[in-house]
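Visitor: Before I ask anything, let me first share the structure, which is written out below as C-alpha cells.
The values are calculated or read from the model by the stated rules, or taken from the named source; none is laboratory data. Just so it is clear, the model here is predicted, and its values are computed rather than measured. Note that we place each Cβ from the backbone using ideal geometry, even for glycine, and neighbour counts take in every protein chain shown.
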Amino acid sequence: MSTPAGSPAARAGLSPDRSLAYLVGLVDDAAVFPPGDSPMTDAVRAHRGHRRAPHGALVGPFLAPVSRMAELLDALDEDAASDPLDLALVADTGLVEAAEARAVLLDDDRVELVGLELALPADGPLGESAALTLDSLDFALPAAIEIPRAAGWRDALATIADDGAERAKFRTGGLTAAAHPSEQELAERIVAAVELGARFKLTAGLHHPVRRTDPETGFEEHGFLNALAATATAIGGGDVDAVAAVLAEREEAALLAVLATADPRAVRARFTSFGSCSIDEPVAALRELGMFEDEDS
C-alpha cells in the first residue's frame, strides 16, 4: 500500500504504515441490516468478494442476525466457495436462539464463527443486566455487548470493562434523527471507555469518514475518522468537551493531523471496529483521502 503524494493524508503527514494500522479490520460488514437491507445471498457473495479484494484487510466479519439463519444457510448453499465465511452472529432473538444457531454452524466448514453480538435489555439496572449477561455467556466466542442509551450505561460499561473478555458496543446512528447521539453523548462514552480500559465498537450511521449532515434525511451523522481521532484525543488525556469537539469537526485535515501523531495501536486497542451496511462507501472515501490505495492502482 502507498499513500498518494499530494493526497489529504500525505499533506497531514500520515504515513502509509500508520494509515494501514488504523484501518485493518475496521469495517464490519452489516450489509443485511437497514438501511442497506441487501438480500442475504447477494451480501454473502459480496462479502467474499471484498475479502478477496486488495481492500480485504480493511474488512471485518460478516454480521448475520440469528433470526435469518435459514436465509444464511440457503445463501451458503447457493454461493459455494472454498474459503469459509468469517461470521459474527447477532443475537437479535435472544441468547437461547443464538446458542442453537451456534450449534448448527459450529461444525459447518463453510463458516468460521468469530464473534457474537447482543444487546442489553433497556429496562432494569444496566449494571446488573450486564453482570447477568456476562455470567450467562457460554459461547466460546468473543462478544460485543450493546449498551442502551439509558441511565446506568456507565455501570454497564464498568462491568464489561472489569470482566475484560468482551467489548462494549455503542449505537451511533439509525433510521431516525433521535437515533443519532450528540457529540457530547458519544464523547462521554468514549472517554469513559478509555478511562475504564474497555474495548468498544460503534454501529450504524458511520458510512462516511467525516461528520456531516445527510443531504437526503437531514440527519447529523458521525464520521469514522472523527471517532478514531476522538479516541486518540481521549487516550491523550482529553476531557469530554475536547473529545466532543473532535467528534464535531467537519474538516478532514484536522482529523488526519490528529491521527498523524497518535499511536494507531493504542487507538484500535480501544475502538476496535464499526458496523456499516456498505463496504464500498468507506473504502472509496479512504482512497480519496489517500489513506488507502490498491496495490495495482
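Visitor: Is at least one residue of the range 278-294 in a loop (DSSP other than H, G, I, E, B), modelled with pLDDT under 95 and surrounded by 24 or more Cβ atoms within 10 Å (Cβ to Cβ)?
Guide: yes
Visitor: Can you name every residue in the range 223-243 that is in contact with a Lys or Arg (Cβ under 6 Å, 6 or more places away or on another chain) and either farther than 25 Å from ASP155 by Cβ or assigned to a loop (DSSP other than H, G, I, E, B) (or both)?
Guide: GLY223, ASN226
Visitor: Would you confirm, using the coordinates I've provided, whether VAL240 is surrounded by fewer than 19 Cβ atoms within 10 Å (Cβ to Cβ), of a type outside the set (Gly, Ala, Ser) and in contact with a helix residue (DSSP H, G or I) (Cβ under 7 Å, 6 or more places away or on another chain)?
Guide: Criteria met by VAL240.
Visitor: Considering only residues that are among the charged types (D, E, K, R) and within 11 Å of THR41 (Cα to Cα), look in the range 62-89 and name the one that is nearest to the chain's Cα centre (by Cα).
Guide: Taking the candidates together, the pick is GLU71.
Listed here are the residues, each with its yes/no results for (1) at pLDDT 95 or above; (2) in contact with a strand residue (DSSP E or B) (Cβ under 8 Å, 6 or more places away or on another chain); (3) charged (D, E, K, R); (4) surrounded by 13 or more Cβ atoms within 10 Å (Cβ to Cβ).
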residue	(1), (2), (3), (4)
ARG68	yes, no, yes, yes
ASP83	no, no, yes, no
ALA88	yes, yes, no, yes
LEU116	yes, yes, no, yes
PRO121	no, no, no, no
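Visitor: Kindly indicate the residue of the range 149-173 that is of a type in the set (Gly, Ala, Ser) and part of a loop (DSSP other than H, G, I, E, B) and also surrounded by the most Cβ atoms within 10 Å (Cβ to Cβ) among those meeting that condition.
Guide: GLY173
Visitor: Provide a single number: the residues in the range 34-52 that are within 22 Å of ARG287 (Cα to Cα) and either free of Cβ contacts under 8 Å to residues at least 24 places away in the same chain or loosely packed, with under 14 Cβ neighbours inside 10 Å (or both).
Guide: 2
Visitor: Of all residues in the range 196-222, which are in a loop (DSSP other than H, G, I, E, B), more than 21 Å from ASP28 (Cα to Cα) and either in contact with a helix residue (DSSP H, G or I) (Cβ under 8 Å, 6 or more places away or on another chain) or among the hydroxyl-bearing types (Ser, Thr, Tyr) (or both)?
Guide: GLY197, THR217, GLY218, PHE219
Visitor: Within the range 188-216, how many residues turn out to be under 20 Å from GLY275 (Cβ atoms) and either touching a residue at least 40 places away in the same chain (Cβ under 8 Å) or crowded, with 21+ Cβ neighbours inside 10 Å (or both)?
Guide: Going through the range 188-216 one residue at a time, the tally reaches 17.
Visitor: Tell me, which residue of the range 242-283 that is touching a residue at least 60 places away in the same chain (Cβ under 8 Å) and among the basic types (Lys, Arg) is farthest from HIS207 (Cα to Cα)?
Guide: Of everything passing the filter in the range 242-283, ARG265 is farthest from HIS207 (Cα to Cα).
Visitor: Can you work out which of the residues in the range 243-277 that are polar (S, T, N, Q) and buried (at least 16 other Cβ atoms within 10 Å of the Cβ) is modelled with the lowest pLDDT?
Guide: Of everything passing the filter in the range 243-277, SER276 is modelled with the lowest pLDDT.
Visitor: Of the conditions (1) assigned to a helix (DSSP H, G or I); (2) touching a residue at least 12 places away in the same chain (Cβ under 8 Å); (3) farther than 27 Å from LEU256 by Cβ; (4) not hydrophobic (A, V, I, L, M, F, W, C), GLN184 clears all except one; give me its number.
Guide: All conditions are met except number (3).
Visitor: Now for a different question. Anything in the range 136-150 that is over 23 Å from the mean Cα position of the chain (by Cα) and either among the hydrophobic types (A, V, I, L, M, F, W, C) or at pLDDT 95 or above (or both)? List them, or say none.
Guide: Correct list: empty.
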